[in-house]
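Notes to accompany the following structure.
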Amino acid sequence: MNQELPFEELVNQLSQHLDTPKSELETVEQGRLQQRYNKELEQATGTLIKEYNFSDGSVSFLLDKNLRLGEFTFLDEVMRIPDEGFAERREQKSRIELILDKGDSEEITTGRYNRFVSPFKDISSEQALVQGRMKFGIEYVIELVDVLGDVDTPLVERPFTKEEKETLRSIYKEFRTKDYLAIKIIERRTNHDIVAANTWITIRAQQLGLDDNLMKKITHFARTSADVNTNVTGQLYMAAIGEVTSVLADFVSELEERAEKYMDASFTAETHGQKAQLKNFGHVYANLAEQLKLHAKPFLQKDMFKIDGTISGAIGTDVDMKATFPDIDFTPMYKKIVENIFGLNYVDKGNDQDCSNASLAQALDVLVNVGSVVKKTATDVWLYASRGILAKLTQKGESGSSAMPQKTNPFFAEGCEALVSIYTSMMNPIKDAIVAYRGQGDLRRSITKRELFHPIMLSIIGTKRLIGELKKYEPNFVTLENEIYQSGPQVISSAINTYLKERDVPDAYDRIKDLVMKPRVQPQEITDYVNRMVQDKVINEKTAARVEDMLHSVMDTNGLIDRFYMADPEEQEQLLEEIAAANKNEARTPLFGTAIEDTRVMIDNARQTQKLLRRYKS
């Protein structure tokens, strides 16, 4: 075995291999160094053949890829490690190691907040991408040999047997850490990730008893890197969408639960930062769930949303295959690989080096738009907490502020707002980069697709933390009622104005305005006001009773709030129950408009939304 190397590289290779100082080797004549190098190389490759079932052909294949003694020695070291997958390797780590790994992480998705996105270790990681490339290479070989097995071509003699197919598939289904390492060793010399993966497919197939000469001829036949990466990343992004939609379903579930729980609770809605009208508090949550449904519409169709995939060669026209087999239509084979094996939507038009990425861009639009609903929810939690109508439940030992004991900060909601702003600002330029390219293709899209997982993980972290925040906040009925009592006559004035107008009351607007536009309206003022209108024959007694009931329903006619603040703790508990009951006063229901009915409908919609979103996570 002979591999001629320059003197300097001989010194470097042997210095590392023999653990000998370079200065000592530099005094040796080049011919002697070359002999020693070839001897060590023959021994290293012989070990692979003898102990790990490498064939002479596989070793020659690696030598053709320009692997040096250092790589062969490293490969020997890699072959000695146990057969284990990445998941097994992670499970073997102790609690201490896991905590330290997070502490040593460069950023939040792999560090502090990794627990929210741990499935992405098998979605966005380099090893997941490499395993996907192995899958494509093997499935493509199997399908191609099936098509060509009955064709008169020297490329293949026959289709693979069922057993041979299962053997080949075991290479990626039982993907090992040592497979990943071997590919990375090969990539040092090929400087091309796809070439390295395909080289290892050939060697692994040979190790398992298949013909390495056939595999060298047929692996990646007439294909390009984009054929591989388009479908592999497409499948990984479908898995990422499954993680996102699962979390969104949990988010909608939390909104639905709260909408149901607070169906009858009264709430003063605001517009322009001012008290506007009454509605039930459950409507707040149901409305957010409905808005998410509307923005997530592409994911909620009867036919599941799928990212596009294609197999169409270097510039989208499959030139190499057409030139070689002009009479064979490979479209059914491509469609089977893209749709049945990778779970994508096959497209054969609009392609150049890559597919158009239109569907992926649409998915990003959905995530950005849905993010606006998540962010609004976080903002509203913050607003309602600052108004005091939501109170945060805390556990013993929990600190709401590092300096001020009285505070319980809505920091998860605030963090969610920040994360949504960050990830949506990332997604728009990413979308531009995956749909724009020069001529018939360049590699901007390739590296961009690797980074896209990051904002998706940020979206999950923000949403999961917000779900946790929602669970900690409950309505403060004292504050809810106090708000209603302070501004009740004002916020229902438009409803009463409209009611009186319908009964042909002259100057209804001015009449009701004169009554309610005061800092505080007393119950007796209401009674006196409607009695005067009856005496003046402006309204009849039935109308007067209706107006009085509506106005009194939003007034503290029993002095509950004042009594609450003056009561001792035991009395306060009893008064809390009375205040909560008053908050659900049925006399207010007509003042909610369609809110109760709408809430029920939107709750049903939310349940259906959850089912449709959960389909995407396998």
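The values are calculated or read from the model by the stated rules, or taken from the named source; none is laboratory data. These numbers were taken from a predicted model, which means no experiment stands behind them. Virtual Cβ from ideal backbone geometry, glycine too; neighbours counted across all protein chains shown. Heavy atoms of the whole protein, side chains included, go into the accessibility calculation; ligands, DNA and RNA do not. Shrake-Rupley method; radii C 1.70, N 1.55, O 1.52, S 1.80 Å.
Just a yes or no: is a residue in the stretch 410-418 open to solvent by 30 Å² or more (accessible area, probe 1.4 Å) and on the phi > 0 side of the Ramachandran plot?
Start the filter on the stretch 410-418 by keeping residues that are open to solvent by 30 Å² or more (accessible area, probe 1.4 Å), which leaves 411-412, 414, 417-418.
Subsequent filtering for residues that are on the phi > 0 side of the Ramachandran plot retains none.
Looking through the stretch 410-418, none of the residues is open to solvent by 30 Å² or more (accessible area, probe 1.4 Å) and on the phi > 0 side of the Ramachandran plot.
Restricting to the stretch 54-109, count the residues that are hydrophobic (A, V, I, L, M, F, W, C) and more than 31 Å from the chain's Cα centre (by Cα).
13
Name the residues in the stretch 173-195 that are free of Cβ contacts under 8 Å to residues at least 60 places away in the same chain and open to solvent by less than 20 Å² (accessible area, probe 1.4 Å), would you?
Matches in the stretch 173-195: Asp179, Ile183.
For the stretch 66-160, please list each of the helices (runs of 4 or more DSSP H) lying entirely inside it that holds at least 3 residues being in contact with a Leu (Cβ under 8 Å, 6 or more places away or on another chain).
Details: elements: 69-79, 86-91, 95-103, 126-148.
Fully inside the stretch 66-160 and qualifying: 69-79, 126-148.
Got a sec? Which of Ala595, Ala606, Ala580 is touching a helix residue (DSSP H, G or I) at 6+ places or on another chain (Cβ under 6 Å), assigned by the TED database to the domain that holds Met555 and open to solvent by less than 80 Å² (accessible area, probe 1.4 Å)? Spell out how you get there, then give the answer.
On the way: Ala595 fails: assigned by the TED database to the domain that holds Met555; Ala606 fails: assigned by the TED database to the domain that holds Met555.
It is Ala580.
Based on this model, can you work out whether Thr20 counts as more than 18 Å from Ile185 (Cβ to Cβ), open to solvent by less than 70 Å² (accessible area, probe 1.4 Å) and either assigned to a loop (DSSP other than H, G, I, E, B) or modelled with pLDDT under 95 (or both)?
Yes, satisfied.
If the requirement is being at pLDDT 95 or above, surrounded by fewer than 19 Cβ atoms within 10 Å (Cβ to Cβ) and assigned to a loop (DSSP other than H, G, I, E, B), which of these qualifies: Lys302, Lys306?
Lys302
Taking the condition of being part of a helix (DSSP H, G or I) and within 23 Å of Phe74 (Cβ to Cβ), how many residues in the stretch 163-214 meet it?
Looking only at that region, the number is 32.
Among the residues of the stretch 446-464, write down those that are more than 16 Å from Ser125 (Cβ to Cβ), of a type outside the set (Ser, Thr, Tyr) and surrounded by fewer than 20 Cβ atoms within 10 Å (Cβ to Cβ).
Lys464
Residues to consider are Ala259, Ala269, Ala265; find the one that is at pLDDT below 95, under 30 Å from Val374 (Cβ atoms) and in contact with a Gly (Cβ under 7 Å, 6 or more places away or on another chain).
Selected residue: Ala265, the only one of Ala259, Ala269, Ala265 that is at pLDDT below 95, under 30 Å from Val374 (Cβ atoms) and in contact with a Gly (Cβ under 7 Å, 6 or more places away or on another chain).
Return yes or no: is Asn558 under 25 Å from Asp504 (Cα atoms) and either in the same structural domain as Arg503 (by the TED database) or among the polar types (S, T, N, Q) (or both)? Can you show your working first?
Working: under 25 Å from Asp504 (Cα atoms): no; either in the same structural domain as Arg503 (by the TED database) or among the polar types (S, T, N, Q) (or both): yes.
Taking the combined requirement at face value, the residue does not satisfy it.
Being under 27 Å from Lys173 (Cα atoms), over 26 Å from the mean Cα position of the chain (by Cα) and in a helix (DSSP H, G or I) is the filter here, so list the residues in the stretch 311-368 that pass it.
Step one: of the stretch 311-368, the residues under 27 Å from Lys173 (Cα atoms) are 311-313, 330-347, 354-355, 360.
Filter once more, so that each one left must be over 26 Å from the mean Cα position of the chain (by Cα): 311-313, 330-336.
Hits for the stretch 311-368 are Thr331, Pro332, Met333, Tyr334, Lys335, Lys336.
Taking the condition of being over 18 Å from Ala545 (Cα atoms) and among the acidic types (Asp, Glu), how many residues in the stretch 512-533 meet it? Write out each step before concluding.
We begin by selecting, within the stretch 512-533, every residue over 18 Å from Ala545 (Cα atoms); these are 513-514, 517-520.
Still in the list and also among the acidic types (Asp, Glu): 514.
So the count comes out to 1.
Taking helices (runs of 4 or more DSSP H) that fall entirely within the stretch 506-570, which contain at least 1 residues that are over 13 Å from Ile496 (Cβ atoms)?
523-535, 541-552, 560-566
Pairs under 9 Å by beta carbon, first residue in contact (Cβ under 8 Å) with a residue 40 or more places away in the chain in the stretch 502-514, partner open to solvent by 80 Å² or more (accessible area, probe 1.4 Å), six or more apart or different chains?
So the pair list comes out as Arg503/Asn540.
Hey, can you tell me all the residues within the stretch 148-183 that are modelled with pLDDT under 95 and either in contact with a Cys (Cβ under 7 Å, 6 or more places away or on another chain) or not polar (S, T, N, Q) (or both)?
Across the stretch 148-183, the qualifying residues are Leu148, Gly149, Asp150, Val151, Asp152, Pro154, Leu155, Val156, Glu157, Arg158, Pro159, Phe160.
Among residues belonging to the stretch 546-579 that are without any contact (Cβ under 8 Å) to a residue 12 or more places away in the chain and among the hydrophobic types (A, V, I, L, M, F, W, C), point out the one that is nearest to Val491 (Cα to Cα).
Met566
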